[in-house]
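To start, the structure under review is shown below, and the notes come after it.
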Protein chains: 2
Amino acid sequence: MLDERKLAVLRAIVEDYVSTNEPVGSRALSDRHTLGVSPATIRNDMVALEEDGYIAQPHTSAGRVPTDKGYRLFVDRLSTVKPLSGAERRAIETFLGGAVDLDEIVGRTVRLLAQLTRQVAVVQYPSLTRSSVQHVELVPLGQQRVMMVLITDTGRVEQRVIDGLEAVSEDAVDSLRQMLNRALVGTWLTEVPSAVEDLPGQLPPDDRALAAAVLSVLLESLVERHDEKIVLGGTANLAAMDLSASLRDVLEALEENVVLLRLLGEAGDPSMLTVRIGAENSHEGLRSTSIVSAGYGIGDQPLAKIGVVGPTRMDYPGTMGAVRAVARYLGQILAGQ
Amino acid sequence: MLDERKLAVLRAIVEDYVSTNEPVGSRALSDRHTLGVSPATIRNDMVALEEDGYIAQPHTSAGRVPTDKGYRLFVDRLSTVKPLSGAERRAIETFLGGAVDLDEIVGRTVRLLAQLTRQVAVVQYPSLTRSSVQHVELVPLGQQRVMMVLITDTGRVEQRVIDGLEAVSEDAVDSLRQMLNRALVGTWLTEVPSAVEDLPGQLPPDDRALAAAVLSVLLESLVERHDEKIVLGGTANLAAMDLSASLRDVLEALEENVVLLRLLGEAGDPSMLTVRIGAENSHEGLRSTSIVSAGYGIGDQPLAKIGVVGPTRMDYPGTMGAVRAVARYLGQILAGQ
DNA sequence: ATTAGCACTTAGGACCATGGAGTGCCAGGA
DNA sequence: TCCTGGCACTCCATGGTCCTAAGTGCTAAT
């Protein structure tokens with residue numbers, strides 16, 4: 001069906017349409033690309049491509065525009081990820097290098113990614129569940145309250161106040177703190193529930209109420225996936241993209257963190273670069289956008305994902321290159337911390 | 001110059017224009033409002049209002065539109081803040097009531113405000129500098145690192161890791177922790193630098209290096225105003241407002257936290273409701289928007305501000321009512337914590 | 001001081017003609 | 001068998017013209 005030349009034509013159509021944002025006709029193609037055949041021949045190929053659903057005509061006497069299916073083929077078989085330029089690499093390094101704490105790293109990453117791709121960038125905070133306990137701290141705040149601080153090896157800090165206790169003694173807090181750290185330091189967060197199970201039994205009866213309260217808050221803070229936090233950047237770039245959907249729908253979808261998390265989550269293998277094109281996105285408001293995402297992590301330990309949201313008509317090779325590069329650097333930076 | 005009737009005409013123009021988004025003519029005015037005079041008379045008044053710069057004509061044969069100056073007069077003298085309906089009040093209570101930690105309170109507030117006003121909401125985190133120390137915790141992380149956690153009475157938690165120390169002893173950390181808490185608990189953050197000044201001198205020489213390192217990080221965390229953090233919500237509402245400026249400019253301005261902080265800061269008396277209309281905003285991209293902001297705080301202690309960004313053509317009484325109500329509730333919630 | 005009447009202005013919509021870009025198809029050539 | 005030049009056809013976008021509705025400002029009468 002699709003011989004080499006037809007694929008070349010499709011590639012040319014995608015590239016031209018992405019750069020001009022206008023339906024591309026057979027003449028323009030034979031002019032701007034060295035396909036070695038006449039417009040008439042190209043037209044014939046176009047008919048075949050259209051029959052197979054890779055391209056479409058906005059109206060009879062207009063040029064062709066890639067369909068979602070066309071972009072899909074382009075991404076899968078007709079393009080290669082474009083590596084960043086030297087200048088861009090240096091920009092990443094200097095930009096991310098200066099960051100100190102996790103918030104700043106994430107904040108800078110999202111801005112960087114938005115700037116590199118000129119699209120909307122999404123960065124997910126490193127997942128709590130994939131990291132391990134570095135330290136648990138308990139701080140008595142007066143007689144009735146204790147603050148719990150959980151520090152993970154990815155630099156994440158979760159803190160909660162436990163309220164409504166009675167007559168908290170320093171000693172009880174101290175021994176509970178020691179016990180928790182003995183039991184938990186170094187364990188994966190996913191293992192915490194089982195590691196903690198029989199701790200209360202080892203305590204003198206008087207201290208069990210406190211321990212139970214602390215543990216329930218601790219477990220809750222893990223379950224709540226409070227970690228699944230997301231930061232957006234470059235929404236101003238939305239104005240420049242002409243999405244066929246209403247801008248409002250897109251903004252609404254982006255504001256719903258739940259939606260974004262689901263979309264990032266749907267991407268396949270976390271270590272891979274994933275592209276979801278147009279209607280492949282399950283969310284209604286994002287039917288006219290594409291999402292390029294990649295996982296990042298320390299070593300081969302995946303932590304979370306980053307991504308970019310833009311019009312289906314986007315520069316896939318360049319965007320994919322930027323997302324991949326930023327994801328890798330982010331992993332390195334986190335590992336170096 | 002401006003007798004009662006002219007003011008009534010201006011008020012009617014503002015109200016009509018806000019609700020219809022179309023230049024309002026003399027006939028429409030005499031139809032929809034009971035001004036008791038004929039269109040011709042209204043026209044005469046309009047001429048006067050236009051000469052004084054309160055209204056303008058988009059083009060010769062069109063109705064009138066309020067100018068920034070017109071809105072200003074309207075806000076200052078022709079309108080009263082509109083109290084929320086019972087349903088709205090209840091919505092605030094149930095919506096903010098369930099929040100547990102500071103992040104969640106702020107997150108919910110911003111969504112609530114966006115929903116009530118159908119505009120873009122901005123909430124600034126409670127200022128660190130206006131709160132006092134509740135507790136300072138030091139946590140040794142191995143031999144070379146110590147984590148400092150600063151807890152304030154507004155529920156804010158700042159944490160830093162101090163790196164590159166040598167041979168940190170538990171004892172030294174313990175005594176430093178005790179000393180810090182003795183010296184600092186209850187003091188205003190602004191007083192911390194002076195309260196801390198002569199502490200190192202009271203320590204045995206061996207411990208001074210550690211103390212110096214911790215103190216410098218502590219002071220730094222105060223100076224950095226890391227606290228001046230801002231959360232945005234309801235940006236989807238931007239799509240519905242037809243701003244004369246390009247949407248991109250507005251989005252860009254909103255993304256620059258620095259800009260927003262400055263704008264909120266420019267508002268006058270922190271306990272008051274402030275309205276900045278159109279060109280009164282110093283930032284270029286927000287020349288066609290108005291900002292309604294209010295301070296919130298615990299008791300008469302101002303902590304930070306919240307606000308709303310919308311088109312100059314906005315429902316000022318309603319917006320002001322919502323902003324004021326949310327600010328008050330936010331203060332109460334924080335006080336109750 | 002207010003009003004009715006009237007002439008004047010203007011944006012926006014309907015309508016139409018035209019030009020250009022692009023297509024599909026066919027017949028002839030490698 | 002595949003490619004190509006030629007040609008008739010389709011349709012959108014552009015720009016011009018005309019007309020209407022809304023609104024104004026002015027003047028004369030109340």
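Checking each residue in region B:1-27 for being surrounded by fewer than 19 Cβ atoms within 10 Å (Cβ to Cβ) and either more than 24 Å from B:P311 (Cα to Cα) or of a type in the set (S, T, N, Q) (or both) picks out B:M1, B:L2, B:D3, B:E4, B:R5, B:K6, B:S19, B:T20, B:N21, B:R27.
Residues of region B:257-269 that are surrounded by 19 or more Cβ atoms within 10 Å (Cβ to Cβ) and modelled with pLDDT under 85: B:A267 alone.
Screening A:L165 against (1) free of Cβ contacts under 8 Å to residues at least 60 places away in the same chain; (2) farther than 18 Å from A:E220 by Cα; (3) more than 14 Å from chain B (Cβ to nearest Cβ) leaves a single unmet condition, (2). Cβ-Cβ distances below 9 Å connect the following pairs, each with a first residue in region B:325-337 that is in a helix (DSSP H, G or I), a second residue that is crowded, with 19+ Cβ neighbours inside 10 Å and of a type in the set (F, W, Y), and a separation of six or more residues or different chains: B:V326/B:Y296; B:A327/B:Y296; B:R328/B:Y296; B:Y329/B:Y296; B:L330/B:Y296; B:G331/B:Y296; B:L334/B:Y296.
The number of residues in region A:252-275 being closer than 21 Å to A:Y125 by Cβ and touching a helix residue (DSSP H, G or I) at 6+ places or on another chain (Cβ under 8 Å) comes to 6. A:A114 passes every criterion in (1) closer than 18 Å to A:G321 by Cβ; (2) small (G, A, S); (3) not in a helix (DSSP H, G or I) apart from (3).
Checking each residue in region B:228-251 for being among the β-branched types (V, I, T), farther than 12 Å from B:V123 by Cα and more than 8 Å from chain A (Cβ to nearest Cβ) picks out only B:V250. Per this entry, B:D68 is not counted among residues that are acidic (D, E), at pLDDT below 95, closer than 30 Å to B:Q124 by Cβ and under 26 Å from the mean Cα position of the chain (by Cα). The requirement of being touching a residue at least 40 places away in the same chain (Cβ under 8 Å), surrounded by fewer than 18 Cβ atoms within 10 Å (Cβ to Cβ) and among the basic types (K, R) is satisfied by B:R89.
Look at A:G201 and say whether it is under 15 Å from the mean Cα position of the chain (by Cα) and away from chain B (no Cβ under 13 Å). Judged against the criteria, A:G201 is not a match.
Picking from residues in region A:140-156 that are free of Cβ contacts under 8 Å to residues at least 24 places away in the same chain and either among the hydrophobic types (A, V, I, L, M, F, W, C) or part of a strand (DSSP E or B) (or both), the one that is farthest from the other protein chains (Cβ to nearest Cβ) is A:R145.
When A:L254 is tested against (1) crowded, with 20+ Cβ neighbours inside 10 Å; (2) more than 22 Å from A:L116 (Cβ to Cβ); (3) touching a residue at least 40 places away in the same chain (Cβ under 8 Å), just one condition goes unmet, and that condition is (2). Restricted to helices (runs of 4 or more DSSP H) entirely inside region A:209-299, those with at least 2 residues that are under 20 Å from B:R111 (Cα atoms) are A:247-255, A:257-266.
The values are calculated or read from the model by the stated rules, or taken from the named source; none is laboratory data. If you're wondering where the values come from, they're calculated on a predicted model, not measured in any experiment. FYI the Cβ positions are ideal-geometry reconstructions off the backbone, even for glycines, and counts take in every protein chain you see.
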